[in-house]
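The values are calculated or read from the model by the stated rules, or taken from the named source; none is laboratory data. Owing to the predicted nature of the structure, the values given are computational and were not obtained by experimental measurement. When we count neighbours, we look across all protein chains shown, and the Cβ atoms used for this are built from the backbone with ideal geometry, even at glycine.
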Amino acid sequence: MEAILELRGVSKYFAIGLFRKSLIRAVDDVSFTVHQKEIVGILGESGSGKSTIAKMILKILRPDKGSIIYRERDAWKIEDREYYKRVQGVFQDPFSSFNPRRIVSDIFRDVLANYTGIRITSDKELADILNPVLSKVGLSARDIAGKYPHEFSGGQLQRLSIARALLVGPELIVADEPVSMVDASTRIDILNIFIDLKELEGVSSIIIGHDLSLANYVSDKVIVLYKGQVVEEGPSDILVDPAHPYTKMLAESVPKIDSKWSERLRLVNPGQAGPIHRDGCVFAERCPFKMDKCISQSPPLVRIGRSRVKCWLYAGK
Ligand SMILES: Nc1ncnc2c1ncn2[C@@H]1O[C@H](COP(=O)(O)OP(=O)(O)O)[C@@H](O)[C@H]1O
Ligand SMILES: [Mg+2]
């Protein structure tokens, strides 16, 4: 399949602390490719750099190093309007991604006017354009007629933010934790929308999350981040049989239906972004397999089978 988007050694640093004196690596030399008709899951705990990656792809933040290539062109050299016709975002909190003072159909009308130049004069005309798009997310123009964002449930509103993204006819949707704020019972339905879009229309997605089973369900390929670095990447079945000690730890921390509090799972401490000057493996401090080398040298990302793993247990074999 054709490559749509490619991150090449992308890094983002933030100045933090008193007088903004220390720099942290929020995203550290990240490379991956998204192909046509592919869902890429990005997994990692809070603070691992997931949203920063999404914001860079959506041109909300500029990378400090590396480049983001969209169909062989630097994303930052593509005019915004042209770029956003192809690449759209869906965010975690649907309530804050809609203007609360405007009815949803007016918001949609403006998107159409801004991106497609279609000026709609009648409600009938608007309904005719919206219905095919809304049906992809399980809604219709009648469901939204005259309604404000707060009149919808979180799940419905998240469907509407996907519909809004679809209005411009994108080929890539970047969804930052699209189901973490919606009711657990509707999560799969919303993820199914991304799968249908891929299967039926060839639309690719990057779906960010922290839930391994959901990532495995929806993704073709997964990228596991730790402290801003890709530690493991491969087909989504790597989550069932992980190689990297961190992915193993994440997989073990998924509670099984028969897990009880009495067999309490080991708590995973959030791996916050590290300082700019650092030697060794980012995961060394928490790794049960730590060797001397892990403290002094950062492991390379090596290919094993169909995946890539950044760990000295596999490097040099
Ligand atoms: N605007 C910012 N200024 C300073 N630090 C930031 C900013 N945005 C994110 N960070 C830091 O960058 C790291 C990665 O953040 P983020 O990308 O939001 O992670 P995630 O989405 O995986 O939770 C965190 O340590 C976070 O505190
Ligand atoms: Mg985030």
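Below is a table of values for the structure above.
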item: Unique residue being of a type outside the set (Val, Ile, Thr), more than 23 Å from Ser236 (Cα to Cα) and touching a Ser or Thr at 6+ places or on another chain (Cβ under 9 Å) when the list is Leu172, Leu167, Leu160; result: Leu167
item: Any chance Val224 is loosely packed, with under 15 Cβ neighbours inside 10 Å and closer than 27 Å to Val302 by Cβ; result: no
item: Some residue of segment 199-215 being within 16 Å of ligand 1 (Cβ to nearest atom) and over 14 Å from the mean Cα position of the chain (by Cα); result: no
item: Hey, Ser46 in contact with a Pro (Cβ under 8 Å, 6 or more places away or on another chain), within 16 Å of ligand 1 (Cβ to nearest atom) and under 30 Å from Ile238 (Cα atoms) or not; result: yes
item: Selection from segment 195-208 of residues that are in contact with an Asp or Glu (Cβ under 6 Å, 6 or more places away or on another chain) and within 16 Å of ligand 2 (Cβ to nearest atom); result: Ile208
item: Residue ID - nearest to the chain's Cα centre (by Cα), chosen from residues in segment 22-39 that are more than 13 Å from ligand 1 (Cβ to nearest atom) and farther than 14 Å from Glu2 by Cα; result: Ser31
item: Conditions (1) within 16 Å of ligand 1 (Cβ to nearest atom); (2) more than 16 Å from the chain's Cα centre (by Cα); (3) crowded, with 17+ Cβ neighbours inside 10 Å; number of the one not met by Tyr83; result: (1)
item: Candidates Ser51, Ser105 - the one that is under 18 Å from the mean Cα position of the chain (by Cα) and either closer than 22 Å to Phe32 by Cα or surrounded by 15 or more Cβ atoms within 10 Å (Cβ to Cβ) (or both); result: Ser51
item: Within segment 1-107, strands (runs of 3 or more DSSP E) holding 1 or more residues that are closer than 19 Å to Gln158 by Cβ, modelled with pLDDT of 95 or more and within 16 Å of ligand 2 (Cβ to nearest atom); result: 39-43, 87-90
item: Matching option when the condition is hydroxyl-bearing (Ser, Thr, Tyr) and crowded, with 22+ Cβ neighbours inside 10 Å, among Ser185, Ser180, Ser205, Ser213; result: Ser205
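Yes/no per residue for (1) more than 16 Å from ligand 2 (Cβ to nearest atom); (2) closer than 25 Å to Gly9 by Cα; (3) at pLDDT below 95:
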site: Ala251; (1), (2), (3): yes, no, yes
site: Asp258; (1), (2), (3): yes, no, yes
site: Ser262; (1), (2), (3): yes, no, yes
site: Leu265; (1), (2), (3): yes, no, yes
site: Ala273; (1), (2), (3): no, yes, yes
site: Ala284; (1), (2), (3): yes, yes, yes
site: Cys294; (1), (2), (3): yes, yes, yes
site: Ser298; (1), (2), (3): yes, yes, yes
